[in-house]
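Inspection log for the structure reproduced underneath, given as structure tokens.
Every number here is computed from the coordinates shown, using simple stated rules; none is lab data. Note that the coordinates shown come from a computational prediction; the quantities given were computed from them, not determined experimentally. For neighbour counting, all protein chains shown are included, and Cβ atoms are generated from backbone atoms with ideal geometry for every residue, glycine included.
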Amino acid sequence: MSAILKTQDLGITFGGLVALKDFNLDLRQGEILGIVGPNGAGKTTVLNLITGVYRPSAGHVFFKDRRIDGLPPHVIARLGISRTFQNIRLIPALSVLENVMLGRALRVPESPLAAVFLPPKTRAQRARWISFAEEILDFMGLSDVAEVDATALPYGKQRAVEIARAIATGAEVLLLDEPGAGMSTQEKQELSKTILDLRARMQKTIVLIEHDMKMVLNLVDRVVVLDFGCQIAEGPPETIKVNPRVVEAYLGKVEAVPDAGN
Ligand SMILES: Nc1ncnc2c1ncn2[C@@H]1O[C@H](COP(=O)(O)OP(=O)(O)OP(=O)(O)O)[C@@H](O)[C@H]1O
Ligand SMILES: [Mg+2]
């Protein structure tokens, strides 16, 4: 597998605080990569740097060998990197379908809101957008709530809508920031299946930030572990779950990581 997304000695400081230092990521095409670490370790900061929300204080980001650090977020999104947010960001008073269509609108050179509010260039174009969004809703198990106000849905479903919107951008790389937060065990199992399906059926490459170690270790090909902005370990789940530095950083004491049941 070749690298689709790379970071080179990436870092950022806020005032005196080093939020991320010398971060080197080599994401391979078709990979599901987990980023784990305690609260404040720098996980979301990695996504903010890759997606152009933050400008790095040091280092670079490359997407398909093109340098993308310094580009604005909407340009990076159009190149093929999309994300979900730790704090859900759906547009209130828009339906699930409309929220997902906003993702699609990122791919065309006009205001995203035009996808929903303005007359489209042609009836056929609008019909194509709707049917594309409907296919994604079907994939995410959201067809039955397509017309519901997205922000009125239960938490787990809102997270699914966020993923649907990220898919709708057509991006090859999806960065998911704690998509399982607040979900029940059963919802997390369904989410894990969805993530595997995203790769198998939609050929996506995925970065997953998740606190549930059991879920991560069962799902991903490779794990990167952050602690206080530093990359303290990287490897397949089998090696990560027995790595003493990881166990100590993550659990705060030396103790086995919960059995992932592999
Ligand atoms: N815009 C910012 N301004 C100042 N400090 C920031 C900013 N963004 C992040 N930080 C700091 O950088 C550090 C890393 O934050 P980050 O949000 O990346 O952590 P995280 O690993 O995602 O944590 P969590 O698991 O709680 O989501 C924290 O100390 C945070 O307070
Ligand atoms: Mg975070």
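Could you calculate the FRET efficiency of residue 189 with residue 221 from 1/(1 + (r/R0)^6), where r is the beta carbon distance between them and R0 is 25 Å, rounded to 0.05?
For R0 = 25 Å, the calculated efficiency reads 0.85.
Take residue 18, project a point 7 Å from its Cα along the Cβ direction, then tell me which residues of the range 226-249 have their backbone nitrogen under 16 Å from it.
So the set is 226-233.
Residues with beta-carbon under 9 Å from that of residue 88, excluding residue 88: net charge, scoring Lys, Arg +1 and Asp, Glu -1? Mind showing how you got there, number by number?
Details: positive: 89, 159; negative: 162.
Cβ neighbours under 9 Å give a net charge of +1.
For Cα pairs less than 8 Å apart in space and 6+ apart in sequence, what is the mean separation divided by the residue count of the chain, i.e. the relative contact order in percent?
Relative contact order, the chain: 24 percent.
Please build a GNM for the chain, connecting alpha carbons under 10 Å apart, and tell me which residue among 199, 66, 104 fluctuates the most.
66
Under a cut-off of 28 Å between alpha-carbon atoms, report the lysines in cross-link reach of residue 241, not counting same-chain residues fewer than 8 places apart.
Answer for residue 241, where 28 Å is the Cα cut-off: 6, 21, 43, 188, 193, 204, 214, 253, listed by chain and number.
Whole Å is fine, so just give me how far the alpha carbon centre of the range 48-91 lies from that of the range 191-255.
Here the answer is 21 Å between Cα centres.
Using every alpha carbon pair in the chain, what percent of pairs falls into each 10 Å bin from 0 up to the bin containing the largest distance?
In order of increasing distance, the bins hold 7, 30, 35, 21, 6, 1, 0 percent.
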